[in-house]
């Protein structure tokens, strides 16, 4: 335990780490632990897609010519597959293009220009708009809200979702129009929302045009044994008399080809019809051939889950290695805590206050790129400057080992320096 | 000539046509001349795409892994190909998803929410916004502007573009923010904009945030011998000191797979950088595999043009047949005029005033679906109710023959009835 060590012992350990750090810096490494993206090996698992749907194959089960124009909301079989992923009905689903982020952005932009079902006026006519940003969370969610000029309101993340006492208090304000949620393997803490959190989100007092942006990005992305169920927020909202409150998003991006997947949203009939009405002006319809390609590749939800099990087998050793090195180098030292997720793409490390920025800078100087400090927070500001997001999905195992050893070294060294500076 | 015929001759001809119409109606036809979409045979020409990029093929010339995330504005080679289509530089281009309509909608929606480079304020803060709609024109252009609440201002189309005296007078009003243009094989009249029209668009007085939406949808879509050049509007605007005035759009939709093509926009550096800045929030980037698929299929601009020559060979007999029947049945009768385009997707027929709606209704009752009357006009209102758009690309030749014979029959019959009713 760092706290129990004498000044001398700390200085000695600090010198030892400093020497190791200098040696590591001279090695000229170039490692990247920032990117929540699939590795080439993981993409290889979906390489059959590169020659699909295949010569002469262009009709779906309903005999739609997927090459031509027509159809604003996706093929029936693709809706069914997404409904199976999300645990909802096929009729709840609209299929989009290759980016669920775009579906989210477009939904918010539409709310700005036109308002939402049940709402009074377009958001653009309602003065300041506020969005709740459970943090640490996903930077690109917050970026959408910030880009559109909303005020970002931070809410603390807990082990089973956002701090609901705080959320309930904030949502009563009618200028609060939305909350960003990643309900399973939340980015970056890896937690899964509890039933109780979902119930409170569904039933709490909120503006009629308040929306839960429920980004189930990691719906099928397990690599551990644990399979905590995701709450059925659509039914919870319907049962609470707030059927239009939630908008669910997902995609196959982290299942097949990250940049060439298929996205979807699911919601109440009013929300779905509203989106469809706008989409019929905005687009000639989503790429049906890419849907057919994915349907041919997956077959059905069982095929999709078998594929995701293979993906999980590739991710599991990477996440295990991260845990192993964190435990070996930092375990029992009272320096940091970290998440140990059973799915998703990230490991979240919480160090001493004020450590994140110096650790990330030190690591960068030694050739290890980490996610910028503050990125998982509204306005990019971690109030305690102590959260570091690790993304081990992309690099090969040996890179992860080297990067993690430098990371733990930097974290311990910064912690010791802090301790020495504040006796 | 209808005008020279006696009442008796007109009545006799009317009775003959009425009998033929009744016989045709009993045949129980179901023909569709409404859809400006490729025929299955045309799509077949691109069927190699169904198995591309092919097993193990996922890197472009710059060794980008097109399967993964990354890249907001398209592959370099895809930009080059679009630059060759549009006659601009690769750096002028942003590649989008499968729908150029979406790029247009998104550009207008962004102008609403954020304004445009050189503009004062977001359009949403500027009161009534007006868009110029050269008519007859493309209904889905007008629909975007109408959906966003703009006032649609009709401008008459001439043989070389919109009536520029009228456009110049209107554009001086700072609430006029845009004009929709299809510069080559304009939908539906088939005309190509002249140099003079482009010059006047580039140089006329207009608001700093006025934009020309230059939808070059039929840039390579020739089937005739004539190849009238499209004016270089980007250079014209730059030379006029209005570099940011024009936004150019195109896509491969009517080249390869209509619903699964690749779209692009081209514009000044300020406009391109502005779009890129917003896109980096809105999307994870366009589908790079579909770009690679198209690059592999086309090779380069020469390969693309060779492909479009094959497409033209399929379209040419359809358009020739339409001309043949129009000339045979209506030629010399002083009933209608029609376009004879050398590219694009439509033939535009101008009949006597007040004829469009009754002709389209009569044809529908005989089993021939035509584009709704007024569709090519702002608010769906053809002030003279005399324009009928024919779309011969999709149906097979025999269907076109039958549909055209009923169409000309209905048009002549309606003209005779009108003549008899107004002696």
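What to note about this one:
- Qualifying residue in the range B:34-41 (condition: facing another protein chain (nearest Cβ under 7 Å) and either over 22 Å from the mean Cα position of the chain (by Cα) or surrounded by 17 or more Cβ atoms within 10 Å (Cβ to Cβ) (or both)): yes
- Among the residues making up the range B:50-69, those that are within 8 Å of chain A (Cβ to nearest Cβ), crowded, with 17+ Cβ neighbours inside 10 Å and either part of a loop (DSSP other than H, G, I, E, B) or in contact (Cβ under 8 Å) with a residue 12 or more places away in the chain (or both) are B:52, B:53, B:58, B:66, B:67, B:68, B:69.
- Among the residues of the range A:262-287, those identified as under 18 Å from residue A:68 (Cβ atoms) and at the interface with chain B (Cβ under 7 Å from one of its Cβ atoms) are A:283, A:284, A:285, A:287.
- Candidate set: the range B:381-423, residues that are out of contact with any helix residue (DSSP H, G or I) (no Cβ under 9 Å at 6 or more places or on another chain) and assigned to a helix (DSSP H, G or I); chosen: the one surrounded by the fewest Cβ atoms within 10 Å (Cβ to Cβ): B:421
- Among the residues of the range A:378-399, those identified as farther than 20 Å from residue A:341 by Cα and in contact (Cβ under 8 Å) with a residue 40 or more places away in the chain are A:378, A:379, A:380, A:382, A:383, A:399.
- Note on the range B:274-332: residues that are over 30 Å from residue B:33 (Cβ atoms) and free of Cβ contacts under 8 Å to residues at least 24 places away in the same chain amount to 5.
- Whichever residue in the range A:70-100 is in a helix (DSSP H, G or I) and in contact with a helix residue (DSSP H, G or I) (Cβ under 6 Å, 6 or more places away or on another chain) and, among such residues, is farthest from the other protein chains (Cβ to nearest Cβ): A:84
- Among the residues of the range A:116-160, those that are more than 19 Å from the chain's Cα centre (by Cα) and buried (at least 22 other Cβ atoms within 10 Å of the Cβ) comprise A:116, A:123, A:150.
- Checklist (1) more than 27 Å from residue A:317 (Cβ to Cβ); (2) in contact (Cβ under 8 Å) with a residue 60 or more places away in the chain applied to residue A:197, failing item: (2)
- Looking across the range A:337-351, the residues that are within 12 Å of residue A:327 (Cα to Cα) and outside any strand (DSSP E or B) come down to A:339, A:340.
- Members of the range A:366-380 found to be farther than 11 Å from residue A:133 by Cβ and in a loop (DSSP other than H, G, I, E, B), listed by number: A:366, A:367, A:370, A:371, A:372, A:373, A:374, A:375
- Listed conditions (1) surrounded by fewer than 17 Cβ atoms within 10 Å (Cβ to Cβ); (2) closer than 27 Å to residue B:303 by Cβ are all met by residue B:12, apart from (2).
- Search result, residues across the range B:34-49 that are over 30 Å from residue B:360 (Cα atoms) and assigned to a helix (DSSP H, G or I): B:44, B:47, B:48, B:49
- Test result for residue B:239, farther than 23 Å from residue B:73 by Cβ and either without any contact (Cβ under 8 Å) to a residue 24 or more places away in the chain or out of contact with any strand residue (DSSP E or B) (no Cβ under 8 Å at 6 or more places or on another chain) (or both): yes
- Scanning the range B:288-312 for residues that are within 14 Å of chain A (Cβ to nearest Cβ) and over 30 Å from residue B:70 (Cα atoms) yields a total of 1.
- Check on residue B:315, surrounded by 19 or more Cβ atoms within 10 Å (Cβ to Cβ) and either within 14 Å of another protein chain (Cβ to nearest Cβ) or under 20 Å from residue B:249 (Cα atoms) (or both): no
- Subset of the range B:111-121 [part of a loop (DSSP other than H, G, I, E, B) and at pLDDT 95 or above]: B:115, B:116, B:117, B:118, B:119, B:121
- Checked against the criterion of being in contact with a helix residue (DSSP H, G or I) (Cβ under 9 Å, 6 or more places away or on another chain), under 24 Å from residue A:236 (Cβ atoms), part of a helix (DSSP H, G or I) and within 12 Å of another protein chain (Cβ to nearest Cβ), the candidates A:108, A:124, A:167 yield just one match: A:108.
- Residue within the range B:91-99 that is out of contact with any strand residue (DSSP E or B) (no Cβ under 7 Å at 6 or more places or on another chain) and in the same structural domain as residue B:287 (by TED's automatic domain parsing) present: yes
The values are calculated or read from the model by the stated rules, or taken from the named source; none is laboratory data. All figures in this text were calculated on a predicted structure; none of them were measured in a lab. Cβ sites come from the backbone with ideal geometry, for glycine too, and all protein chains shown count toward neighbours.
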